[in-house]
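Peer 1: I'd like to ask some things about the structure below.
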Amino acid sequence: MLSRYLYTTLASCVATASAAAPIVDLGYGLWQATLNETGQYYNFSNIRYAQPPVGALRFAAPKEPHLNRTLMNDGQDGRICIQGEVSWAKERALFTKAYFSNANISAFQQIPPPGFTGKAKPSPQADGRATEDCLFLDVFVPKSVFDNGTLKKSGGAPVMMWTHGGGFYQGYKDSQGNAAGLLAQSMKNPATAPGIIYVAINYRLGAFGWLAGPSFAGSGATPNAGLYDQRLALEWMQKNIYRFGGDPNKVTMMGESAGGSSTLHQLTAFGGAKGNAPFSKALMISPAFNPNPYDAVQEQTFQNFLTAANVSTLTQLRELPSEAVIAANSLTIFEASYGSSGGFGPVVDGNFVPQLPTLLLQQGRYSKNVGAVLAAHNTNEGFLFTDPAIQNDTAFNAVVNSSNSSLFPEAQPAAKNEIASSLYPPIYTNKTLGYNTTFSRAATLLADMLVSCNVQAVMETWGVDQSHAWLFGEGAGLHGEDNPYVFYNNGPAQDKYGFGTVNETVAKTMQEWMLNFGATGNPNGPGVVPMPVYGSNHVMASLSNKGVGIPTPDPAFVQRCNFFREALYV
């Protein structure tokens, strides 16, 4: 094994300006860092962690990289996975602006709204980095951590792996922010100094990572391929992170939105039947996904995709040129109904996902080596996924009862009636219900079903007296609005949706909680606002301009969450 630095033997292979930059030997290949002088950290960019998922590996589980020690990888060849866009994104932006400026929103009941000029077809892949060959990750290491590393497989720095969000159809390693702010905080934080190691990964998106269904699997393809990508990246860290100065026994998997729910699915992978998870702590921020245990729905998504690609079998789909599959992927996602992603996302497949994660948690079928969890959701999670046309009870009932809806396609009439009349009744004067209009009633339903009840299930599983969660309410508390806070890096920064600037106190508190948790499994520590335990009263720590760390009741009702876990899908 070559040394970690390889200065002498390979100095002639690299430019003079980067001759002193460290090189890591991964066995199958060599990667050279760049030094961020301002932040004093090394960035090992675009490390291949899997073979190109093309040809026979398209729609298959990923495989470890081939040996290639002749090429010096400097990380400058950036790759991201194939992206998609939804047609309803523009309407959402217009509605959000109108809603929070107190404009008249009644026009949005029409479909499309008057004056709406959305695009008729998806745009081509605008980012030249987008490719099927996208399974790469970045490793960021404080210079002092790397330079003082011992190459021992234990005793190194804590490691935090970011799994990006984006609805399982868009996003990439640093699409939600870069590591600079967290790294800077970690170098000063008493629990993490001289710093954490931060890893960010790509995983396959849209049809490339999330096709499923009986005939898809029966033809030899792998449902939930994106989850297998993430798993391989986690296993890569177990094998290699010590080479960068990290401790494989101190890995925290974390993410927001799709990344948060991916973390949840990794916790319950294989129902806990295949040994320990390749991480020891889990941090889930707004873990959002649309529960899909339905074979018929998965099959229809697959058949629709074959039609979009103008083929009739998986074999033909694999033989298509990349451009043709990308075009079908773009069209399928673009035509998704409001709030959805074209059917792409984690599904119950009987293997990696034997049942919905909340049911697996309830049954004790999860990785017991994960000793600590930290979770969060926002005060207004459902808003961005709620169709603006739902402004009266008739529209609400139509969505709940529709057999074509992506929400409850196979729910029994009695279950749908309980949703509309008992759990979310048309009562708009009772503040305890959490809504005061039909639209906010629908948004509350979606928040619970897609996000908030996942947090509650995690808290209850790991013990309410040992677990912690925060409730983010800055700006409008919208889904994803906390991303600039996670990646805050001092100085002025804009709110994601234009609601002023980032609150520095909130951002720094959030980061300290995250870092303390990554180091010790507990968000609390010296000099940081204390976070209460979730407890039997389901208390979350507030993060808003109304207060930081103030104990606040979880707005997700236990009765509603129990229904989604125990009645709707069983």
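Peer 1: Only one of L446, L407, L478, L471 is farther than 24 Å from H164 by Cβ and either of a type in the set (A, V, I, L, M, F, W, C) or in contact with an Asp or Glu (Cβ under 6 Å, 6 or more places away or on another chain) (or both); which?
Peer 2: The unique qualifying residue is L407.
Peer 1: Any idea how many residues of region 217-257 are buried (at least 24 other Cβ atoms within 10 Å of the Cβ), of a type outside the set (A, V, I, L, M) and closer than 24 Å to N454 by Cβ?
Peer 2: Number of matching residues: 9.
Peer 1: Also, I was wondering about something else. From F352, F383, grab the single residue that is buried (at least 24 other Cβ atoms within 10 Å of the Cβ) and modelled with pLDDT of 95 or more. It would help to see each step written out before you state the result.
Peer 2: Numbers: F352 fails: buried (at least 24 other Cβ atoms within 10 Å of the Cβ).
Residue meeting the stated conditions: F383.
Peer 1: Looking at (1) closer than 30 Å to N290 by Cβ; (2) of a type in the set (S, T, Y); (3) in contact with a strand residue (DSSP E or B) (Cβ under 9 Å, 6 or more places away or on another chain), which is the one condition that is false for Y569?
Peer 2: (3)
Peer 1: Continuing with the same structure: Tally time: how many residues in region 226-242 are over 15 Å from the mean Cα position of the chain (by Cα) and either outside the structural domain of G29 (by TED's automatic domain parsing) or under 18 Å from A50 (Cα atoms) (or both)?
Peer 2: Total satisfying the criteria: 8.
Peer 1: Report, by residue number, each residue of region 533-568 that is among the charged types (D, E, K, R) and either in a helix (DSSP H, G or I) or at pLDDT below 95 (or both).
Peer 2: Within region 533-568, K546, R560, R565, E566 meet the criteria.
Peer 1: Exactly one of (1) touching a Cys at 6+ places or on another chain (Cβ under 6 Å); (2) hydrophobic (A, V, I, L, M, F, W, C); (3) surrounded by fewer than 18 Cβ atoms within 10 Å (Cβ to Cβ) is unmet by I427. Its number?
Peer 2: It is condition (1) that I427 fails.
Peer 1: Restrict the check to region 380-397 and report whether at least one residue is more than 22 Å from the chain's Cα centre (by Cα) and among the small types (G, A, S).
Peer 2: yes
Peer 1: Considering only region 68-88, state which residues are under 30 Å from K121 (Cβ atoms) and surrounded by fewer than 15 Cβ atoms within 10 Å (Cβ to Cβ).
Peer 2: Within region 68-88, no residue meets the criteria.
Peer 1: Hey, can you tell me all the residues within region 516-532 that are under 14 Å from L471 (Cβ atoms), touching a residue at least 60 places away in the same chain (Cβ under 8 Å) and β-branched (V, I, T)?
Peer 2: none
Peer 1: Let me ask you something else. Could you say which residue among G165, G195 is farther than 15 Å from A519 by Cα and not basic (K, R)?
Peer 2: Selected residue: G165, the only one of G165, G195 that is farther than 15 Å from A519 by Cα and not basic (K, R).
Peer 1: Pairs only if they're at least six apart or on different chains, beta carbon under 6 angstrom, first in region 416-438 and in contact (Cβ under 8 Å) with a residue 24 or more places away in the chain and at positive phi, second crowded, with 16+ Cβ neighbours inside 10 Å and not small (G, A, S); list them, first residue then second.
Peer 2: Filtered contacts from region 416-438: G434/T444; G434/P555.
Peer 1: Please find, among N292, N351, the residue that is among the polar types (S, T, N, Q), assigned to a loop (DSSP other than H, G, I, E, B) and closer than 19 Å to G206 by Cβ. It would help to see each step written out before you state the result.
Peer 2: Numbers: N351 fails: closer than 19 Å to G206 by Cβ.
Going through N292, N351 in turn, the sole match is N292.
The values are calculated or read from the model by the stated rules, or taken from the named source; none is laboratory data. Note that the structure is predicted; figures quoted are calculated from it, not measured. Heads up, the Cβs are rebuilt from the backbone with ideal geometry, glycines too, and the neighbour counts pull from every protein chain shown.
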